[in-house]
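FYI, it's all coordinate maths here, none of it is from the lab. These figures come from a predicted structure and were not determined experimentally. Glycine also receives a Cβ, built like all others from the backbone with ideal geometry; neighbour counts cover every protein chain displayed.
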Amino acid sequence: MVIDSHHHFWRYLPAEFGWIDDGMAAIRRDFLPADLRREMGTAGVDAVVSVQARQSVEETRWLLDLATQNPFIAGVVGWVPLVSPSVAADLAQLAAHPKLVAIRHVLQDEPDPLFMLRDDFQAGIRALRDFNLTYDILIYHRHLPQTIELVDRHPAQPFVIDHIAKPSIKQGTIEPWARHLRELGRRPHVCCKLSGLVTEIGRPQWTVADLRPYVDVVLDAFGPERVLFGSDWPVCLVACGYARWMEIAQELIAHLSPAERAAILGENARRVYRLRDA
């Protein structure tokens, strides 16, 4: 089974998606399950994990409703206010839905680069263990040193790095991202999503060869057993189509064994997110 571990749905409202700038005009519209189902059929994807795009509990409930209505949505990575004193109550209510598998906060946009190390955020991360939820880490590469400290404080909490921690692919810079990612990969409770690369390259002319050095670092750091395929659809559409990204991802891991490729393309997502319907 092929599982896309990272995509988004939204009803587009300019005020709520200010990060979609003029260079991303192609995704200034609604993206809903029927749209994704067509893409999946072309790309040979069997199931998906829907990831929050807005920081609201209301959106998380909406995603869970979509997952109930659409069996191909195997899991939801939602949002709760992790720094709230009521985080446990919020989690208890949402985690009653069997398809809530993880929580994510948009750490990359926090003005405080050490936000993830705040005491109240730490308390929120600790609360996830009571509900058997993974935590998705959305950061830029500059946040990797404090991310290492974060995961070291929670050795029993499963973590997943989104978009390979967004290295400077556009500039072709690989250090110190590679060194920090390899250090992070030494922690067995941390996995990494092979997603978001084509968006980070940020220029119209690029080749698969531009991406390969970064993918090689990810595979070296985490091994095929802790890497998850993700499309980052519809954001990926600013750089390439859904089916094309699937082709690229398969090309980038073609040198691995069949079992290793199967792990990256689905089995790891099933295990890490404990997907019941995939």
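Quick notes on this one:
- Remark: region 213-227, residue by residue, has Karplus-estimated 3J(HN,Hα) of x, 6, 5, 4, 5, 4, 5, 5, 6, 10, x, x, 7, 10, 10 Hz, where x stands for each Gly or Pro and the curve is 6.51 cos²θ - 1.76 cosθ + 1.60 at θ = phi - 60°.
- Debye intensity ratio in log₁₀ form over the Cα atoms of region 130-278, taken at each q of 0.10 Å⁻¹: -0.32
- Where labels lie 7 Å past Cα in the beta-carbon direction, separation of R129 and S257 in nm: 3.4 nm
- Distance from the alpha carbon centroid of region 100-131 to that of region 225-255 works out to 27 angstrom.
- Expected 222 nm ellipticity per residue - DSSP helices of 4 or more, -39500 (n - 2.57), all of the chain, to 500: -10500 deg cm²/dmol
- Added length on full extension, which subtracts the Cα-Cα distance from 0.36 nm per residue, R28 to E247: 76.3 nm
- Residues A156 and D277, FRET efficiency given R0 of 25 Å [Cβ-Cβ distance, rounded to 0.05]: 0.45
- Of G44, G266, G124, the one that fluctuates the most in a GNM where the chain has Cα springs shorter than 10 Å: G44
- Region 122-165 residues near the modelled Q55 label - backbone nitrogen below 15 Å, point 7 Å along Cα→Cβ: 122, 124-125, 136-140
- For D46 and A96, the difference between the fully extended length at 0.36 nm per residue and the C-alpha to C-alpha distance is 15.5 nm.
- Cβ-derived FRET efficiency at R0 30 Å, D112 paired with L66, nearest 0.05: 0.40
- Given 13 as the ceiling on other Cβ atoms within 10 Å, longest exposed-site-free region of the chain for trypsin sites (Lys or Arg not before Pro) in DSSP loops: 30-169
- Placing R0 at 51 angstrom, the Cβ-Cβ distance between R11 and H189 gives a FRET efficiency of 0.90 after rounding to 0.05.
- The ellipsoid that matches the Cα gyration tensor of the chain has semi-axes, each √(5λ) in whole angstrom, of 25, 22, 19, with the longest given first.
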